[in-house]
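Would you mind keeping the following structure in view while I ask a few things?
The values are calculated or read from the model by the stated rules, or taken from the named source; none is laboratory data. The model shown is predicted, which means the values in this text are computed figures rather than measured ones. Cβ placement follows ideal geometry from the backbone for every residue including glycine, while neighbour counts extend to all protein chains displayed. Calculation scope for accessible area: heavy atoms of the full protein, side chains included, ligands and nucleic acids excluded. Shrake-Rupley method; radii C 1.70, N 1.55, O 1.52, S 1.80 Å.
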Amino acid sequence: MKPRLNIVTIGVNKLKQSREFYRTALGWEPAKGSDENIVFYNQSGIVFALYPLDKLAEDAETSADRSGFSGVTLAINLESKEAVDQLYKQVIENGGKSLVEPRKTFWGGYDCYFADPDGHSWEIAWAPFWKFDNNGSLILE
């Protein structure tokens, strides 16, 4: 099978509130197929989705209990340090919780972390060696 990642779905406690957070904090508009039960965002080849946590856990036949770090972070990679600073500020002003303020990294880049209203960890990062295609997707060579 060719490597592929098609959809990333995160469980949220208040779908309407999370939908508004992603609209105001990141400027993402819901894609076709979104409704009061699920929200989709087109991410240039990958679909990011919000779904009620209890229903997602039920579908996966697992517990909806969450505590501590889940071992997963989601990342938004940008073209400059200034873009990282700007998006971080916008996210925090719109309800994101600061986890790590923008900083130089040990690997030569620049990043920060925030949590969405449900505590999902997000990184916003820049690296001098990253290249992007016309859709804003990372090019790994």
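Exactly which chymotrypsin sites (Phe, Trp or Tyr not before Pro) in region 3-104 are in a DSSP loop and have at most 13 other Cβ atoms within 10 Å?
Filter output for region 3-104: Phe69.
Under a plain spin-label model, where a point goes 7 Å from the Cα along Cα-to-Cβ, how far apart in nm are Thr105 and Asn135?
It is 2.2 nm.
While we're on this one: Pairing the Cα long axis of helix 15-26 with the longest principal axis of the chain, what angle in degrees results, from 0 to 90 and rounded to the nearest 10?
10
Multiply the residue separation of Thr73 and Asn6 by 0.36 nm, subtract the distance between their alpha-carbon atoms, and state the gained length in nm to one decimal.
Length gained between Thr73 and Asn6: 22.4 nm.
Enumerate the aspartates and glutamates that Lys32 could reach by cross-link, defined here as Cα to Cα under 19 Å, with residues fewer than 8 away along the same chain left out.
Glu20
Here is a follow-up. Give me the percent relative contact order of region 32-107, please, defined on Cα pairs under 8 angstrom at least 6 residues apart.
13
DSSP beta bridges in the chain, what fraction antiparallel, as a percent rounded to 5?
Counting DSSP beta bridges with both partners in the chain, the antiparallel share is about 60 percent.
Please give the net charge around Ala115, taking every other residue with its beta carbon less than 14 angstrom from that of Ala115, where Lys and Arg add +1 and Asp and Glu add -1.
With Lys, Arg at +1 and Asp, Glu at -1, the neighbours total -2.
So, one more: Relative contact order (percent) for the chain, with alpha-carbon contacts under 8 angstrom and 6 or more residues of separation?
After rounding, I find 21 percent.
What figure in square angstrom, to the nearest 10, would you give for the accessible area of Val72 with a 1.4 Å probe?
Here the accessible area works out near 90 Å².
Take the alpha-carbon centre of region 78-98, take the same for region 1-41, and report the distance between them in whole Å.
Rounded to whole Å, the Cα centres lie 19 Å apart.
Could you check the simple spin-label distance between Asn13 and Ala57, using points 7 Å along Cα→Cβ, in nm with one decimal?
1.2
Separate question: Could you sort Lys97, Lys81, Lys16 by accessible area so the largest value comes first, with the probe set to 1.4 Å?
Most to least solvent-accessible, the answer reads Lys16, Lys97, Lys81.
Something else: Over 32 Å between C-alpha atoms is what I'm after, so list which of Lys2/Lys55; Lys14/Lys89; Lys2/Lys89; Lys2/Lys131 land there.
Going by Cα-Cα distance, Lys2/Lys89 fall outside the 32 Å limit.
Given only helices, namely DSSP H runs of n ≥ 4 each adding -39500 (n - 2.57), what is the per-residue ellipticity at 222 nm of the chain, to the nearest 500 deg cm²/dmol?
So the helix-based figure for the chain works out to -7000 deg cm²/dmol.
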